[in-house]
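To start, the structure under review is shown below, and the notes come after it.
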């Protein structure tokens, strides 16, 4: 009990750490607490501005401004003082490489070409990028000098290199057509413009202008009515509300207001985490007293909150891309449905701060979480996860569509991109499988997939049991069937119980010939042992079983079935024979008693019953209804009298139902027919 209390205290510390982390994830913001959409009626009281605030431009207005600014974007050019020199050098290289001209012709061509270049350099050629539309002659451009100082010039003062034709210039100084065509080509190819467009500097100045341009188109004074009760929320009213909301958030970004927001968040997070902690303490004590299990739940809450925070901080297109439905699936993999549902609802409340429309968010996520739980109750195949993801997407879509149609009354109100965000979220749900594996390793949990693998009779340890102790293996399978039938009737983890039943007697592998189900008729090694020694061998299969379980890395919860399936009962056969043979000797009953502990779950208690009943039923000569009923009642009553079920959480009603199921199952097993009255 002391250990359980200490673990519960560690769990409480984990909750405190989780609360601190969640508070750190929440943004420090405050705003008007109303939700509003275009076309809706303002159902609240008149909203009056309690501060002066700027009326922001709408996104459409800002987009139009950006478009106009792009058309009137300032063009900056760099002046190249060496343009003439570079052009002549290039022209000289091109002419010198021409093999069709004689040397005298080359000299003549170079001389004429230089005259053209020098003349053009004085007039100054200007170069624009191909994608840039050429402005008219009256357009003002900016010529950069050293230190990024610039002067304004008219575009018409320069010659565009794109429209400049050197052939026209050549026609004024020569009529020799034998060189003019080729020379014009060489000049065009070698010419370096005096002014070159500086795209980087132009874009930098353009972005600076966009950043510095005013985003407000007016001022709303304190005391003015923003919107009246019953008024329809138009695009203009929505912009007015958004402007007010933005200014409130900005003005509240002060130390006193931040402190108030922080205190509110501490109370909010603390309240709902306290509710979750109380739920564990009052209704799931095994989880609250096992800090690893509690930490696994808290880690999942932080995981979802962290994803939501990332989506908010990085301005994801929608918070709905976060796979919220993965949380109930993961918790249901290790715990029960109620635990999964309660944790899911608490988590949604904690992260609702990241959603723009909290009501819609909660309705959508609760619906999706319920569907996730319904499709994950009996998880036996990996393909179920794909089915679950599809059904979650259908649920999201159906609820979203219904909400929009009821609010807007028009299909045009549906945002079809939202269905894509739902799809991304459902794809994220498929990552539940690797996360289940990670949580099993990190927190020592056992999920249904692991149990499913353990119940495979081709498992290495079960194969060894079937080879070395075939009678025990057959007995274990029958016990598993019997126990599973009972637990499904009264409620419990049937997969866990089946795994425990299949492995509960693996310790008999070590000395299999000492157990009657593995013995050959006429050969009993107990004949050579004393009663105490025989009891010790029989009891030792518990110790051997635990050692084998650890060697083969069975989960602790499965090893617990090995420890508890005989509780603290005695080995009746050898104890009674000892007392009968030595009536005057003082008997030490502890030598004939199993070490325990007694079962501490309903699954373990059912295994104890099924193990004893199945073994004893093999000795009945006439397995009819009356004999089987007496046998089942005798065994269960004896275990009750020995207080073997006191920690199992079984009710008398459960035990009575188990009796009936055992009798019915054994009747079917031995093919007993009920006699009909004549």
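The values are calculated or read from the model by the stated rules, or taken from the named source; none is laboratory data. Predicted, not measured: the structure shown is a model, and the values here were computed from it. Don't worry about glycine lacking a Cβ; one is built from the backbone with ideal geometry, like all the others, and counts go over all protein chains shown.
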For region 22-42, give me each residue that is under 21 Å from residue 267 (Cβ atoms) and modelled with pLDDT of 70 or more.
22, 23, 24, 25, 26, 27
Look at region 45-90 and say how many of its residues are surrounded by 12 or more Cβ atoms within 10 Å (Cβ to Cβ) and under 19 Å from residue 234 (Cα atoms).
11
Only one residue in 67, 102 is more than 30 Å from residue 203 (Cα to Cα) and out of contact with any helix residue (DSSP H, G or I) (no Cβ under 8 Å at 6 or more places or on another chain). Which one?
102
Quick one: which residue in 248, 267, 273 is modelled with pLDDT under 80, assigned to a helix (DSSP H, G or I) and not assigned by TED's automatic domain parsing to the domain that holds residue 104?
248
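So that you can scan it fast, the table gives a plain yes or no per residue for (1) free of Cβ contacts under 8 Å to residues at least 12 places away in the same chain; (2) over 48 Å from the mean Cα position of the chain (by Cα):
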| residue | (1), (2) |
| --- | --- |
| 463 | yes, no |
| 483 | no, no |
| 497 | no, no |
| 510 | no, no |
| 530 | yes, yes |
| 537 | no, yes |
Within region 81-101, residues being modelled with pLDDT under 85 and farther than 14 Å from residue 183 by Cα number 1
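Restricting to region 593-642, give me the number of residues that are touching a strand residue (DSSP E or B) at 6+ places or on another chain (Cβ under 9 Å) and in a loop (DSSP other than H, G, I, E, B). I'd like the intermediate steps shown before the answer.
So the first thing to find is which residues in region 593-642 are touching a strand residue (DSSP E or B) at 6+ places or on another chain (Cβ under 9 Å), and the list is 593-594, 642.
If we keep only those that are in a loop (DSSP other than H, G, I, E, B) too, we end up with 594, 642.
Final tally of qualifying residues: 2.
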If I filter region 613-626 for residues that are crowded, with 21+ Cβ neighbours inside 10 Å, under 19 Å from residue 563 (Cα atoms) and in contact (Cβ under 8 Å) with a residue 12 or more places away in the chain, do I get at least one hit?
yes
Out of 425, 358, report the one residue that is within 19 Å of the chain's Cα centre (by Cα), under 25 Å from residue 302 (Cα atoms) and touching a residue at least 60 places away in the same chain (Cβ under 8 Å).
425
Go through region 458-484 and give me each residue that's surrounded by fewer than 19 Cβ atoms within 10 Å (Cβ to Cβ) and more than 18 Å from residue 507 (Cβ to Cβ).
458, 481
Within region 182-203, does at least one residue satisfy the condition of being touching a residue at least 24 places away in the same chain (Cβ under 8 Å) and surrounded by fewer than 11 Cβ atoms within 10 Å (Cβ to Cβ)?
no
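Might you let me know whether region 581-592 holds any residue that is surrounded by 15 or more Cβ atoms within 10 Å (Cβ to Cβ) and either touching a residue at least 40 places away in the same chain (Cβ under 8 Å) or not assigned by TED's automatic domain parsing to the domain that holds residue 658 (or both)?
yes
Would you be able to say whether some residue in region 561-573 is modelled with pLDDT under 90, in contact with a helix residue (DSSP H, G or I) (Cβ under 9 Å, 6 or more places away or on another chain), at negative phi and not in a helix (DSSP H, G or I)?
Scanning region 561-573 turns up no residue that is modelled with pLDDT under 90, in contact with a helix residue (DSSP H, G or I) (Cβ under 9 Å, 6 or more places away or on another chain), at negative phi and not in a helix (DSSP H, G or I).
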Would you confirm, using the coordinates I've provided, whether residue 534 is over 17 Å from residue 465 (Cα atoms) and buried (at least 19 other Cβ atoms within 10 Å of the Cβ)?
yes
Would you check which residues across region 94-134 are crowded, with 16+ Cβ neighbours inside 10 Å, part of a loop (DSSP other than H, G, I, E, B) and either under 57 Å from the mean Cα position of the chain (by Cα) or at positive phi (or both) and list them?
124, 128
Quick one: is residue 487 within 34 Å of the chain's Cα centre (by Cα), assigned to a helix (DSSP H, G or I), crowded, with 20+ Cβ neighbours inside 10 Å and not assigned by TED's automatic domain parsing to the domain that holds residue 565?
no
